[in-house]
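Here's the structure we're looking at; comments come further down.
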Amino acid sequence: MKLSTIYGALAIGLLASSVYAKPSQLEVNWRYQDAQSNTRVSGNSGLDFSSSEDSRSDARIAKTLFMVRFGSALKDSLEQFEKACAPKPGPIGLEKAGSILPPMPPFPRPVPKCETDRLQVAQALLSQVASFNKELRANGDLHSDAKVVELMDLGRKLAKNMKEAKDPIFWGGPVGGFGGGIRKFELAMAAPGGMNLTGGGAQDFGFVRKIIHDGYVPGKDAFLMEGFLGEFNLSLSEVKCDKLVCVHPAIQVDAENQKLFVQLAMNSNVTAANFKRKPLNLSIVLDISGSMEATDNTEKSRLEWAKEAVLATIDELNEQDVLSIVLFDDKSQVLVPAGPVTDKKELIRLVTALKTQGSTNLDAGLNDGYSQVSQNLTALEGFEHRVILISDAGLNTGVVDQAQLLKTITNYAGENVGLTAIGLGLNFNQDFIHGITQSHGGNYLFVHSGKDMYRFFESFDFLVTPVAYNFKVGVKVQGVEAELVQAYGLPISKGETAKPFLDIQTLFFSQSGGALLLEYDLK
């Protein structure tokens, strides 16, 4: 045996023994504001590395690591694909006032050198997918999850798109699509420890999936890891929770690569049996601009899907709830002033008759929606105050400065008026929506098919029910030198790096749970 190999094995052995030797410990402290009582709550938990195998490493963390590695492979390939050639401009004229979005025009083919580099990226991705697929087939738990198996097809489809030299779609980024239908509370009821919790922002990665299925390559910034992980049940072993929010850590050590992975599972003492949303003071702000006439290669227009979302929302409401409906194109109109939901048939008639027209003045619509909600903030004590925005988020009329719009949303969020955004269309402005729904009480998803509508309907109560605000988590690794290098599944702004003290604006109940995974370099 070579001397270097002996030294390497010895180093790995020493590392593993140092990690698992006392007093190596993990300490987790958290605090948050209860969304219902507004009281400040704190908690803590810990993990002794040197205790029994079951307590220091949860077997289910392996699935999370697999998903993180696969998601990272997809995102890395998107970055390499963009770097292979200078960015090409996206389609022109998508938001012409009153126009219908035309079919995607073909992009100019890159020069031969670019094409060669991109073919190499595609081939490398295919090889990675093959390796992941082999690993998946050897793991019964992974292979039994149909949604994970479907990811292999998605990876192969992305590689095919790359080989055909489809330039990245640079507008927007991922947000919603729910994939296959999941029955209400199915996963939540399976966990005796109570329902899982997830952060705001992206709830899934349906926009990326839609772009890939339509034969294109998403821009690298379109892929958000928290949205990707949010689609899957990555819960750890069921641990009973006796509080509104509990955090349970699990670890896995990769001694060969000198890595420590910490997964933070969040659950609640609230179960499907005792969960009940608060009455709503709700304004639905609906985009009826010309771009909403596009079908995006589905069987209906964006407006028809949006109208189904509105109708599904109306169906979820009752006479205790207060509803207003605001329409916007190049101007804004209050279709239904704020009032109790007493005549659903009339509401359905008004929504069903809507047609597209004009350009997109999102600022006017949002301001009218917030105005409808805010006039009842004092009178409706104990209500959840929220705006649901349904739009492709194209900004071409009125206030188009995203920073100014974000300021408006942040101001109302400071008054506890939350925002749920439902995105539609291939030119969905994900950067903007992702920014605004990282505010206090914000979340978003993407709708482009009947399955997505089903998931929106089934998830409605969760989407409009914040559990906790200003959720802050501190993680300390003691007894071994470890440096935090990456946080996966955490809603963060573009360019933001991982920090030892994690900060999530809002927690919501979740059917699948997603995952929050921390990666450390061990010294």
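The values are calculated or read from the model by the stated rules, or taken from the named source; none is laboratory data. Treat the numbers as computed from the prediction; the structure is a model and nothing was measured. Note that we place each Cβ from the backbone using ideal geometry, even for glycine, and neighbour counts take in every protein chain shown. Side chains are part of the model used for accessible areas, which takes the heavy atoms of the whole protein and leaves out ligands, DNA and RNA. Shrake-Rupley method; radii C 1.70, N 1.55, O 1.52, S 1.80 Å.
Applied to region 147-159, the Karplus parametrisation 6.51 cos²θ - 1.76 cosθ + 1.60 on θ = phi - 60° returns per-residue 3J(HN,Hα) values of 5, 5, 4, 4, 4, 5, 5, 5, x, 5, 5, 4, 4 Hz, with x for Gly and Pro. Would you list which aspartates and glutamates come within 17 Å of residue 147, measuring only between C-alpha atoms, while excluding same-chain residues fewer than 8 positions from it? Once the sequence-local aspartates and glutamates are set aside, what remains near residue 147 is 135, 186, 204, 226, 231, 452. Placing dummy labels 7 Å off each Cα toward the beta-carbon, the span from residue 164 to residue 76 is 2.6 nm. Set the Förster radius R0 to 51 Å, insert the Cβ-Cβ distance between residue 258 and residue 36 as r into 1/(1 + (r/R0)^6), and round the FRET efficiency to 0.05. Once rounded, the FRET efficiency stands at 0.70. A 1.4 Å probe, protein heavy atoms only, puts the accessible area of residue 291 near 10 Å². Sequentially through region 271-278, phi angles give Karplus couplings (6.51, -1.76, 1.60; θ = phi - 60°) of 10, 4, 6, 10, 6, 8, 6, 6 Hz, Gly and Pro residues having no value and appearing as x.
So what J values fall out for region 461-471 if you push phi through Karplus, 6.51 cos²θ - 1.76 cosθ + 1.60 with θ = phi - 60°, rounded to Hz, Gly and Pro as x? Running phi through 6.51 cos²θ - 1.76 cosθ + 1.60 with θ = phi - 60° gives 4, 5, 5, 9, 10, x, 9, 8, 10, 6, 7 Hz. Taking amide H as placed 1.01 Å from N in the peptide plane, residue 285 has its amide H under 5 Å from the amide H of 326, 388, 389, 390, each at least 5 places away in sequence or on another chain. Between residue 379 and residue 486, the contour length at 0.36 nm per residue exceeds the alpha carbon distance by 34.0 nm.
Sparsely packed loop sites in region 252-300 (the trypsin sites (Lys or Arg not before Pro) outside DSSP H, G, I, E and B with at most 16 other Cβ atoms within 10 Å) comprise 276, 277, 300. Considering only alpha-carbon pairs that sit under 8 angstrom and 6 or more positions apart, the relative contact order computed for region 357-488 is 22 percent. Database remark: amide H of residue 385 closer than 5 angstrom to the amide H of 281, 418 (H placed geometrically; neighbours at sequence offset of 5 or more, or on other chains; Pro and chain starts carry no H).
With a 1.4 Å probe and all protein chains in place, put 31, 386, 40 in order of accessible area, largest first.
My answer, sorted largest first, is 40, 31, 386.
Over 28 Å apart at the Cα level, from the set 63/163; 160/499; 63/160; 63/220, are 63/163; 160/499. For region 237-333, the list of GluC sites (Glu not before Pro) that fall in a loop by DSSP and count at most 13 other C-beta atoms within 10 angstrom reads 256, 299, 319.
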